[in-house]
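Each reported figure results from applying straightforward, stated rules to the coordinates on display, with no laboratory input. Here the structure is a predicted model, which means the values were calculated and not measured. Cβ: placed from backbone, ideal geometry, glycine included. Neighbour counts: every protein chain shown.
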Amino acid sequence: MRLKNIRTFFNKELEGLYPQTEIDTFFFFLIEEYLGFQRIDLTMKPGFEITKEKKELFHEAIIRLKNEEPIQYILGYTEFYGLPFKVNTNTLIPRPETEELVEWILSEADKDSNVTILDIGTGTGCIPITLAEYLPEATVSAIDVSEEALKIANKNATLNNVSVDFIKKDILKTDELKEYDIIVSNPPYVRNLEKIEIKNNVLENEPHLALFVEDDNPLIFYNKIADLAKKSLTKKGLLFFEINQYLGKETVDMLKEKGFKNIELRKDLFGNDRMIKASL
């Protein structure tokens, strides 16, 4: 089968399931991964013969896409803040909103000092690894309750040639932390009542442990982390959160009640309340 034919077949099989622009993007990702081709090669090499082995890879990808599996899991990797990250079903797929949180932290941190940073609920390790990459003098640590997620995070640190101290720990059962200049967390914050807003490709594939909290206690992780931060942040230390867009006011009020100052709530690129910075 030729390249132009596999593309026609790919489009036909996914037509109606995804917007055409998304189908095109999927195909571009797959030809790069499976063939080492760029988009221009679709025009320059339409008659390129696809081997039986490669054809089977495309067919398998189509089946998985029909089942609404994220393209990142099919490829086994994604990009975050310009860096490559391995992903699997034990980790959330890093989001653009989290890149904005990282950008905020980088703008506040002193790039030339040995700042100490802790990321809580690290998943793929995208936050601490990116911070370690762009703050080379920093000492960066990260916590997660999932051993499988930490395996991926460690692989990602090696992949990006940075040093991060990954620690297996249940933050809800933690009584104290070491001293840090910056504590950041993107913890589970989606309430069960909000599941109806979640697309199937997320709901049916990404780890619920890293996504959902009970409706009657949606700030459980924020409360715990804020309490720990009060005891472990340095004098000029900063706390950063990625938050539930519907609970911005509640999260700010909680931090005020605990004595945090200079609380700033920011919107993401979609105009949703998404991140908070606070200090003591």
When restricted to Lys199, Lys155, Lys151, Lys224, the only residue among the charged types (D, E, K, R) and within 22 Å of Ile105 (Cβ to Cβ) is Lys224
Can you name every residue in the range 231-253 that is under 23 Å from the mean Cα position of the chain (by Cα) and not hydrophobic (A, V, I, L, M, F, W, C)?
Glu242, Asn244, Gln245, Tyr246, Gly248, Thr251
Filter the range 245-264 for residues that are closer than 23 Å to Ala210 by Cβ and either in contact with a strand residue (DSSP E or B) (Cβ under 7 Å, 6 or more places away or on another chain) or β-branched (Val, Ile, Thr) (or both) and give the result.
Gln245, Gly248, Thr251, Leu255
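Restricting to the range 1-42, give me the number of residues that are among the aliphatic types (A, V, I, L, M) and without any contact (Cβ under 8 Å) to a residue 12 or more places away in the chain. Let's see the steps before the verdict.
If we filter the range 1-42 for residues that are among the aliphatic types (A, V, I, L, M), which is where we start, we get 1, 3, 6, 14, 17, 23, 30-31, 35, 40, 42.
From the residues that got through so far, the ones that are without any contact (Cβ under 8 Å) to a residue 12 or more places away in the chain too are 40.
Going through the range 1-42 one residue at a time, the tally reaches 1.
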By residue number, the members of the range 199-253 that are among the small types (Gly, Ala, Ser) and either more than 21 Å from Asn272 (Cα to Cα) or in contact (Cβ under 8 Å) with a residue 60 or more places away in the chain (or both) are Ala210, Ala226, Ala229, Ser232, Gly237
